[in-house]
Amino acid sequence: MHSNYLIAGVLLSTTSLCAAEVIPPISEQREQLTCEILYAPGQEPSQDRGGYVPWAWTDGIMFYEFASNISSTNRTRVRSSMNLIENVSPVRFVEREDEINYINIQMLGGNFSYVGMLGGSQDLSLYNFNLPYVIVHELTHALGRYHTQQRNDRDNYIQVNSGCIASDCMGNYNIAGSYSYQAYDFLSVMHYGQYDCSTGCVTMTCLPGYEQYQNQMGHTSYMSTKDVETLNFLYPGGSPDPTVLFCNADTTEVQAGDTITVTGVIKNQGDWAATDIYSRIQLSEDDEITTSDQFLGFDLYDYLFSDDFAYINKQVVIPSGTPDGIYYVGVLLTTSDEDVDESNNVCVIQIQVGDVTQPCDGDINGDNTVNVTDLLDVIANWGDPYDVSDLLTVIGAWGACP
Ligand SMILES: [Zn+2]
């Protein structure tokens, strides 16, 4: 439905550093290296966005999906470019399962993207899969940045030569919002080169004092220091705090070799998304659960937004050969994020393996005390094996075993 949107085209040269001498034929540039911003309704560049924030991806997670005709090689290249951004910012790219807001990565005959998160599915088209920082450029659009030459202070640094800009590319030179956060950055991966979008002459002339950037702007080979700082301004990060709210097992009296189902609820109580969370099920002889206890299984969560919940539902086997006795099955959350609060990322379930000798009559669970736990055990297994005589025994023996 792009026909509803203003589509502004521009060219992004791969060889800006040496493009001053040789201008490739325009038709060839356009076929190979179109870089366009797509404007959604209400998002025209004349609108002051007031510092990007309404367009940011929730908790810095951008979900993505590939069109089926994109090869595995090109998918790997895109993932590599995503890693370049992840390595220098809290932004995370997560392959979509059923999330509502995501970028739909396609090959639509050029490199172009919307700016920021629109809501729902939004196209991001790539052509130059072989140029990692062209992909970074498009992903950065989708993260919320316009081109540097669209800053409202650009006329202090460059002279825009409108007569040299292809008419259908002018949208990429329109002033778009206020960009007061950083000093003007000629070396940004979001800055065009002097022949991008050109009809044959220089589209932008660096003003006196900045001439040294004339041949440098428009490179496609790195993220500048200010690019990284701007990303971290847009996506400041925070402290994820995955917490086990609750856990349980479908049975707490088992034999070695039995399968039990561990269920539970976890929540991210921090102020930023947690990613790559493992809920590890461990078997311990004491109620201090650590990763060095016997590992039974895990659930994996790609991400958990701040304040969101997720569920544990995992079948695990009590290893055959486990000696009879009282044990503890623990849920232990680990994540790739640092600063996890370890005081609330664990939950413990007491289980009984095998037959436990009863220290005294009525001590059904063998914990040396006859109390409500034993009473509930009798009620829960009423009829088999317990009956009214066991109930009376429990009541009669109430209290610590002698
Ligand atoms: Zn662009």
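Would you be able to tell me the number of residues in the range 72-95 that are touching a residue at least 60 places away in the same chain (Cβ under 8 Å) and closer than 20 Å to TYR127 by Cβ?
Summing the residues that are touching a residue at least 60 places away in the same chain (Cβ under 8 Å) and closer than 20 Å to TYR127 by Cβ in the range 72-95 gives 2.
In this structure, is GLY218 touching a residue at least 60 places away in the same chain (Cβ under 8 Å) and on the phi > 0 side of the Ramachandran plot?
On the way: touching a residue at least 60 places away in the same chain (Cβ under 8 Å): yes; on the phi > 0 side of the Ramachandran plot: yes.
Here the answer is yes, as GLY218 does meet what is asked.
Among the residues that make up the range 340-347, is at least one of them out of contact with any Leu (no Cβ under 9 Å at 6 or more places or on another chain), farther than 30 Å from VAL91 by Cβ and in a strand (DSSP E or B)?
There is no residue in the range 340-347 that is out of contact with any Leu (no Cβ under 9 Å at 6 or more places or on another chain), farther than 30 Å from VAL91 by Cβ and in a strand (DSSP E or B).
Go through the residues of the range 364-379 one by one and say whether even a single one is in a loop (DSSP other than H, G, I, E, B) and surrounded by 20 or more Cβ atoms within 10 Å (Cβ to Cβ).
First pass over the range 364-379, keeping only residues in a loop (DSSP other than H, G, I, E, B): 364-368, 371.
If we keep only those that are surrounded by 20 or more Cβ atoms within 10 Å (Cβ to Cβ) as well, we get 364.
Looking for residues that are in a loop (DSSP other than H, G, I, E, B) and surrounded by 20 or more Cβ atoms within 10 Å (Cβ to Cβ), one finds at least one in the range 364-379, hence yes.
To keep it simple, each residue is scored yes or no on (1) at pLDDT 90 or above; (2) surrounded by fewer than 14 Cβ atoms within 10 Å (Cβ to Cβ); (3) in a loop (DSSP other than H, G, I, E, B); (4) assigned by TED's automatic domain parsing to the domain that holds ASP271.
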site	(1), (2), (3), (4)
GLU338	no, yes, yes, yes
LEU391	yes, no, no, no
VAL394	yes, no, no, no
PRO402	no, yes, yes, no
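Residues being of a type outside the set (A, V, I, L, M), crowded, with 17+ Cβ neighbours inside 10 Å and more than 11 Å from LEU333 (Cβ to Cβ): count how many of those fall in the range 270-287.
Start the filter on the range 270-287 by keeping residues that are of a type outside the set (A, V, I, L, M), which leaves 270-272, 275-276, 278-280, 282, 284-287.
If we keep only those that are crowded, with 17+ Cβ neighbours inside 10 Å as well, we get 270, 272, 275, 279-280, 282, 284.
Keeping just the survivors that are more than 11 Å from LEU333 (Cβ to Cβ) gives 270, 272, 275, 282, 284.
Residues flagged as of a type outside the set (A, V, I, L, M), crowded, with 17+ Cβ neighbours inside 10 Å and more than 11 Å from LEU333 (Cβ to Cβ) within the range 270-287 amount to 5.
Tell me, please, whether a residue that is among the polar types (S, T, N, Q), closer than 30 Å to LYS267 by Cα and out of contact with any Ser or Thr (no Cβ under 7 Å at 6 or more places or on another chain) can be found in the range 339-355. Let's see the steps before the verdict.
Residues of the range 339-355 among the polar types (S, T, N, Q): 343-345, 350, 352.
Next, only the ones that are closer than 30 Å to LYS267 by Cα stay: 343-345, 350, 352.
Restricting the remaining residues to those that are out of contact with any Ser or Thr (no Cβ under 7 Å at 6 or more places or on another chain) gives 343.
The answer is yes, given that some residue of the range 339-355 is among the polar types (S, T, N, Q), closer than 30 Å to LYS267 by Cα and out of contact with any Ser or Thr (no Cβ under 7 Å at 6 or more places or on another chain).
Hey, among the residues in the range 286-310 that are over 20 Å from SER336 (Cβ atoms) and out of contact with any Phe, Trp or Tyr (no Cβ under 7 Å at 6 or more places or on another chain), which one's modelled with the lowest pLDDT?
Among residues in the range 286-310 that are over 20 Å from SER336 (Cβ atoms) and out of contact with any Phe, Trp or Tyr (no Cβ under 7 Å at 6 or more places or on another chain), the one modelled with the lowest pLDDT is GLU288.
Here is a list of conditions, (1) over 18 Å from ALA142 (Cα atoms); (2) in a helix (DSSP H, G or I), and ASN232 meets all of them except one; can you say which number that is?
Answer for ASN232: the failing condition is (1).
Within the set of pairs 6+ apart or on separate chains, which have a first residue in the range 349-360 that is without any contact (Cβ under 8 Å) to a residue 24 or more places away in the chain, a second that is buried (at least 16 other Cβ atoms within 10 Å of the Cβ), and C-beta atoms under 6 Å apart?
Partner pairs satisfying both residue conditions: GLN358/GLY366.
Output yes when any residue across the range 226-237 is more than 21 Å from ASP59 (Cα to Cα), buried (at least 22 other Cβ atoms within 10 Å of the Cβ) and either of a type outside the set (D, E, K, R) or not assigned by TED's automatic domain parsing to the domain that holds ASN152 (or both), and no when none is.
So far as the range 226-237 goes, no, none of its residues is more than 21 Å from ASP59 (Cα to Cα), buried (at least 22 other Cβ atoms within 10 Å of the Cβ) and either of a type outside the set (D, E, K, R) or not assigned by TED's automatic domain parsing to the domain that holds ASN152 (or both).
So LEU300 fits all but one of (1) without any contact (Cβ under 8 Å) to a residue 40 or more places away in the chain; (2) surrounded by 13 or more Cβ atoms within 10 Å (Cβ to Cβ); (3) among the aliphatic types (A, V, I, L, M); what number is the exception?
Going through the list (1) without any contact (Cβ under 8 Å) to a residue 40 or more places away in the chain; (2) surrounded by 13 or more Cβ atoms within 10 Å (Cβ to Cβ); (3) among the aliphatic types (A, V, I, L, M), LEU300 breaks only (2).
Conditions first: (1) under 28 Å from the mean Cα position of the chain (by Cα); (2) closer than 26 Å to GLY171 by Cβ; (3) at pLDDT 95 or above. GLN214 passes all but one, so which condition is the exception?
The number of the failed condition is (1).
Count, please, the residues in the range 125-160 that happen to be touching a residue at least 60 places away in the same chain (Cβ under 8 Å), more than 11 Å from the ligand (Cβ to nearest atom) and under 18 Å from LEU84 (Cα atoms).
Of the residues in the range 125-160, 5 are touching a residue at least 60 places away in the same chain (Cβ under 8 Å), more than 11 Å from the ligand (Cβ to nearest atom) and under 18 Å from LEU84 (Cα atoms).
The values are calculated or read from the model by the stated rules, or taken from the named source; none is laboratory data. Just so you know, these numbers come straight off a predicted model, no measurement behind them. Glycine also receives a Cβ, built like all others from the backbone with ideal geometry; neighbour counts cover every protein chain displayed.
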